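The structure appears right after this line, and notes come after that.
The values are calculated or read from the model by the stated rules, or taken from the named source; none is laboratory data. Keep in mind that what you see is a predicted model, and the values were worked out from it rather than measured. Counting neighbours? That spans all protein chains shown, and the Cβs are built from the backbone with ideal geometry, glycine included.
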Amino acid sequence: MAEEKIDTENILRGTTMFSNDELKAWYKATPVDLDWLEKPSRHQFRWRLPNDRWVTLPRQISNEETLRKQFATYAPRDLYIGTSAWLNPVDLPRLKDLDVPAPILLDHLVVFDIDFRPFCYRRLERARAVTSGLLKWLDEHEDLSLQYISYSGGKGFHLVLRDNDRSLFATPEPRLREERVRASRQALLQRVLDAGFEVDTTVTADTRRIIRLPGSLHGTTGWCCTRISRKQLNQPLKTWKKTLPKHIRGLKMKHWPMGIKEFRQRISSSMMRPFKRTSTPKHMQAKITRASPESVSMQMSSQVIGTKGRSSLMAWIPERWREGQREFFIKSVTEKGWFPIYRFQQGPHEFILIPRAIPTSQLRKQLPKLGLQRLSTEIVSLGHYWTDMSHHQPEMTEQNSELIFKGRWDETNDAVSNVPWSATHIEALKRLGVEVSARGEIAGRPEPAMRIVTKL
């Protein structure tokens, strides 16, 4: 039972399920797929190690054999390739680094990422249908050539295409060339969204984006990122799912997703047990039980997964707050670039979430000033804090127990923040049914850290 519990927590946190030796064995036996790429040496390669550290390859790669040699010491948990081709892909400066010469962009693949969470057959079948429809629409409405289609190894598919119009890549000035390509991709993305296709809005227009390399192992699911044919894409997933390669210890793909309520019930019934209070007299135990009934709660961490020392701000608003306190809070956080402030309601209780990757030390110092001392204290002891995703109170009924999105507190639609977005908490908002248009730097991984706790 203990081993099963550890695996569950790893999946919730998005951590790897494989040791370094297992990963090395996989890549020794399984070649990565570069056959679709004309010049791998023009692309950047990055990967994440089992210890969660990132490696950016400091050299150009000409073939698959050379790439695999880089895994001799530490094999990748997750392996990625840049969507852009550069004259020199090594040591690429950031977009905002204007004091250094701009890199020379030679090409940029048109990539659409279609994901439907969580990882299960029904969600993946839905992603397949959307991807198939999108490819047909692109064939009819856009001047693009298909490079490949891939199953990501997780919750969806990638469409990778090439723009037949090469005029933008003839722009003489490198920085202006990249700006024009990004603008063109953004316009294409908007046309796709207007046509009703659900795609990841952070991928297509980003010239510095990385995507999973075909032939690589998905470190969380144990399934392989795999190129598939048009014929497969147009057929139901059930007819070809068994052909997809995966690690022998890869996750079983459930047919139906398990909702939060079902997950709570399962955890509560199989793993949670009432605490024994042997030192308390029996007559007092009965009183304690009646006064403090046990409840199971799902909690999410403030930590931005995949970063060091960054957290988002999320909290249940204290009932003692008045309108003046709210105004002070909004003014204070927006001045620091901590916005937007997404607001939810559960019965009479308010919950807010700010999907920014705030330095945790800075957040800890500001929380007491904002009237959230308890969260600051928890950061001191844990390095982050946990927040209930539901407000458990005796007065809560079935009718008012749902967390409902109520919009935003702030009005900073046109404001610019220097604080990176939190991919972790953007994903959390998506799971709550809220789409976030994140422009600018994004930090971390889109994998919220969750846990189930029992409360008395």
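Here's the yes/no breakdown for (1) more than 30 Å from Gly250 (Cα to Cα); (2) in contact (Cβ under 8 Å) with a residue 60 or more places away in the chain; (3) touching a Pro at 6+ places or on another chain (Cβ under 6 Å):
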| residue | (1), (2), (3) |
| --- | --- |
| Arg128 | no, yes, no |
| Glu142 | yes, no, no |
| Leu159 | no, no, no |
| Asp163 | yes, no, no |
| Thr171 | yes, no, no |
| Ala187 | yes, no, no |
| Gln190 | yes, no, no |
| Val203 | no, yes, no |
Hey, among Tyr74, Tyr80, which residue is at pLDDT below 90, within 22 Å of Lys308 (Cα to Cα) and hydroxyl-bearing (Ser, Thr, Tyr)? Tyr74
Residues being among the polar types (S, T, N, Q), outside any loop (DSSP other than H, G, I, E, B) and either surrounded by 11 or more Cβ atoms within 10 Å (Cβ to Cβ) or in contact (Cβ under 8 Å) with a residue 60 or more places away in the chain (or both): count how many of those fall in segment 222-257. 2
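Filter segment 147-176 down to the residues that are within 26 Å of the chain's Cα centre (by Cα) and among the hydrophobic types (A, V, I, L, M, F, W, C), then identify the one that is farthest from Leu105 (Cα to Cα).
The first filter runs over segment 147-176 and keeps only residues within 26 Å of the chain's Cα centre (by Cα), leaving 147-162.
With the extra rule that they be among the hydrophobic types (A, V, I, L, M, F, W, C), the set shrinks to 149, 157, 159-161.
On the way: Ile149: 24, Phe157: 26, Leu159: 21, Val160: 18, Leu161: 17 Å.
Selected residue: Phe157.
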Within segment 202-213, is there a residue that is under 25 Å from Glu142 (Cα atoms), more than 24 Å from the chain's Cα centre (by Cα) and of a type in the set (D, E, K, R)? no
Could you tell me whether segment 141-152 includes any residue that is buried (at least 21 other Cβ atoms within 10 Å of the Cβ) and in a helix (DSSP H, G or I)? no
Just name the residue that is modelled with the lowest pLDDT out of those in segment 367-386 that are surrounded by fewer than 17 Cβ atoms within 10 Å (Cβ to Cβ) and among the polar types (S, T, N, Q). Ser381
Going through segment 334-358 in order, the residues found to be under 15 Å from Arg431 (Cα atoms) and either among the charged types (D, E, K, R) or not assigned by TED's automatic domain parsing to the domain that holds Glu441 (or both) are Arg343
Would you check which residues across segment 423-456 are farther than 14 Å from Pro118 by Cα and assigned to a strand (DSSP E or B) and list them? Ile442, Ala443, Arg451, Ile452, Val453, Thr454, Lys455
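I need the strands (runs of 3 or more DSSP E) fully contained in segment 11-99, keeping only those with at least 2 residues that are touching a helix residue (DSSP H, G or I) at 6+ places or on another chain (Cβ under 7 Å). Write out each step before concluding.
Working: elements: 45-48, 54-56, 78-82, 84-86.
Hits in segment 11-99: 84-86.
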By residue number, the members of segment 185-203 that are crowded, with 17+ Cβ neighbours inside 10 Å and either assigned to a helix (DSSP H, G or I) or at pLDDT 95 or above (or both) are Arg185, Leu188, Leu189, Val192
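Counting only residues that are in contact with a strand residue (DSSP E or B) (Cβ under 8 Å, 6 or more places away or on another chain) and over 18 Å from Arg182 (Cα atoms), which one in segment 82-118 is surrounded by the most Cβ atoms within 10 Å (Cβ to Cβ)?
Taking segment 82-118 as the starting set, the residues that turn out to be in contact with a strand residue (DSSP E or B) (Cβ under 8 Å, 6 or more places away or on another chain) are 82-87, 89, 92, 103-116.
Retained after the next criterion (residues that are over 18 Å from Arg182 (Cα atoms)): 114-116.
Numbers: Ile114: 24, Asp115: 22, Phe116: 20.
Checked segment 82-118; the qualifying residue surrounded by the most Cβ atoms within 10 Å (Cβ to Cβ) is Ile114.
Going residue by residue through segment 108-130, is there one that turns out to be in a helix (DSSP H, G or I) and among the β-branched types (Val, Ile, Thr)? Walk me through how you get there before you give the answer.
Keep residues of segment 108-130 that are in a helix (DSSP H, G or I), which gives 121-130.
Okay, now just the ones that are also among the β-branched types (Val, Ile, Thr), so 130.
Yes - at least one qualifying residue is present in segment 108-130.
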